[in-house]
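Inspection log for the structure reproduced underneath, given as structure tokens.
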Amino acid sequence: MHRDLPYLRAYPEALQEQVRTLLRDGANGLAPMLQRKYPQAHAVRTDKALYHYTTELKNRHLRNADAVNKVLFDSKIHVVRNALGLHTSISRVQGGKLAAKHEIRVAAMFKQVPDEFLRMIVVHELAHLREREHNKAFYQLCAYMEPNYHQYEFDVRLYLTHLEGAGARLWAAA
Ligand SMILES: [Zn+2]
């Protein structure tokens, strides 16, 4: 059976084939591999904590970009295909000036993942402060903020693939 892997379509076929093998491997497969690699969940529990987490990353790497006004976990974002998070900018005229309000929404499934996965999605949404499209400059900015960005995005997609195959959540809250 040649199982379709919607979260991994952008990756080379040979890599997808390795993932299919891992998925069939049960005890030696994908889930144990992810858990060995990332044993611990992060401790960001609330929207307020997520806001601080995001602002800290932003201040460290993108000090001159617009401020982020609001950051939250959103249970209405169904992680389908490409939408892992959402970044919205609303431009409003304030005191005769055009001011942009930036809001970042992170899919609620990121509440129960390792820190590396949360960092990946936050870095991704922060990079959209500068680059709207997923172009080369965008991914360079992601890799500047988190040098392992591409590895983490791949591993997030592996985890989503595991969940889509009716796999259990691996970092459920204690
Ligand atoms: Zn994006």
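Residues in the stretch 118-158 that are of a type in the set (Phe, Trp, Tyr) and within 15 Å of the ligand (Cβ to nearest atom): 4 in all.
Tallying residues that are of a type outside the set (Phe, Trp, Tyr), open to solvent by less than 100 Å² (accessible area, probe 1.4 Å) and assigned to a helix (DSSP H, G or I) within the stretch 128-145 yields 5. Considering (1) under 21 Å from the mean Cα position of the chain (by Cα); (2) in a helix (DSSP H, G or I); (3) of a type in the set (A, V, I, L, M), the lone condition that Ala14 does not fulfil carries the number (1).
Scanning the stretch 45-70 for residues that are without any contact (Cβ under 8 Å) to a residue 40 or more places away in the chain and within 14 Å of Glu103 (Cα to Cα) turns up Asp47, Lys48, Tyr51, His52, Thr55, Ala67, Asn69, Lys70. Looking across the stretch 10-20, the residues that are surrounded by 11 or more Cβ atoms within 10 Å (Cβ to Cβ) and closer than 17 Å to Asp155 by Cβ come down to Tyr11, Leu15, Gln16, Gln18, Val19, Arg20.
Total residues in the stretch 98-127 satisfying the condition of being touching a Ser or Thr at 6+ places or on another chain (Cβ under 6 Å), surrounded by fewer than 23 Cβ atoms within 10 Å (Cβ to Cβ) and not acidic (Asp, Glu): the figure is 4.
Filtering the stretch 55-70 to residues that are open to solvent by less than 70 Å² (accessible area, probe 1.4 Å), farther than 18 Å from Arg132 by Cα and under 18 Å from the mean Cα position of the chain (by Cα) leaves Thr55, Leu57.
The values are calculated or read from the model by the stated rules, or taken from the named source; none is laboratory data. Bear in mind that the values here come from a model prediction, so they are computed numbers and not experimental data. Cβ: placed from backbone, ideal geometry, glycine included. Neighbour counts: every protein chain shown. Heavy atoms of the whole protein, side chains included, go into the accessibility calculation; ligands, DNA and RNA do not. Shrake-Rupley method; radii C 1.70, N 1.55, O 1.52, S 1.80 Å.
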